[in-house]
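The values are calculated or read from the model by the stated rules, or taken from the named source; none is laboratory data. Values in this document were obtained by computation on a predicted structure and should not be read as measured data. Here the Cβ is made from the backbone with ideal geometry for all residues, glycine too, and neighbour counts use every protein chain on show.
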Amino acid sequence: MKKIFLSRECICMFPAINSDQPVIAALAEIPAHWEERSARRVPDAAREQVLERSRKIVDAACDVLEEEGLEGLTVRAVLNKTGLSRRAFYERFEGKDDLVLAVFEQTIRAATIHFSKLISTLSAPIERLELIVTHIVLGRTSLALADHASSNRRGAAMSREHLRMAESRPHELQAALSPLIALIARQLSDGMAAGSVRSGNPQRLAILVYNLVSTTVHIELLSQGDAQPDRAHRAQLAADIWEFCRRAIVA
């Protein structure tokens, strides 16, 4: 299995969030990268009019991935769900890769917002970071966007695409991941200020934490394929990964 290492440059794609600026507010102010790409492809049309159909296409792609996995994700399958024409699709997306990147970015942004809400009641940076790490490992069953799917189908599909996009479109992938990395970095920065996290570059440490967690999750999902998730096993894995991360960062 080829490991994916997220570079430090990805942090520059998402503005630093200070402790007084909620991540949710920051994300609301910053358009998704895929939305910017989609809107630029139809320069003469009203932005919201373009994005209304673009979002409909992305939502349909999420449904196809959930129902049929990566093998079923085709432009035709998405258009069948939306009732839109091929012309409408290609006006907004270069092709399937562009659509997959949009799905990936939307998933990361939704997860980042969800994690931000979950940690808002926790005062200790270490506790906040533990929640983020363990929920990433637990997967969609822990997310607000989850519908308690009975298999790993969508997760496995996105893991395979994550690995491929890291080679074919690394800058766009890094941009998609940057909100989540920024959220992790802020918890580390707060921990350093509180004396509970060892001194260092919080952005660099955030990348290291993400690389460890994401690579482990990819291996887990790809090894299970469409099988029903073993919740007890996933919970133990989450606990083990967090303990590994905790020992690496504590002061």
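Tabulated values for the structure
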{"quantity": "Qualifying positions in segment 98-130 - closer than 20 Å to Ala251 by Cα and either of a type in the set (Val, Ile, Thr) or buried (at least 18 other Cβ atoms within 10 Å of the Cβ) (or both)", "calculated": "Pro125, Ile126, Arg128, Leu129, Glu130"}
{"quantity": "Set Glu67, Glu71, Glu91, Glu52: member being acidic (Asp, Glu) and either crowded, with 16+ Cβ neighbours inside 10 Å or over 23 Å from the mean Cα position of the chain (by Cα) (or both)", "calculated": "Glu91"}
{"quantity": "Only listed residue being hydrophobic (A, V, I, L, M, F, W, C), modelled with pLDDT of 90 or more, under 22 Å from His162 (Cα atoms) and assigned to a helix (DSSP H, G or I), chosen from Leu99, Leu27", "calculated": "Leu99"}
{"quantity": "Residue satisfying all of: in segment 185-207; part of a loop (DSSP other than H, G, I, E, B) and not small (Gly, Ala, Ser); nearest to Arg109 (Cα to Cα) among these", "calculated": "Asn201"}
{"quantity": "Filter result for the condition that a residue is outside any helix (DSSP H, G or I) and either modelled with pLDDT under 95 or within 14 Å of the chain's Cα centre (by Cα) (or both), over Ala238, Ala227, Ala182, Ala232", "calculated": "Ala227"}
{"quantity": "Of residues in segment 166-213 being among the acidic types (Asp, Glu) and more than 18 Å from Arg247 (Cα to Cα), the one surrounded by the most Cβ atoms within 10 Å (Cβ to Cβ)", "calculated": "Glu172"}
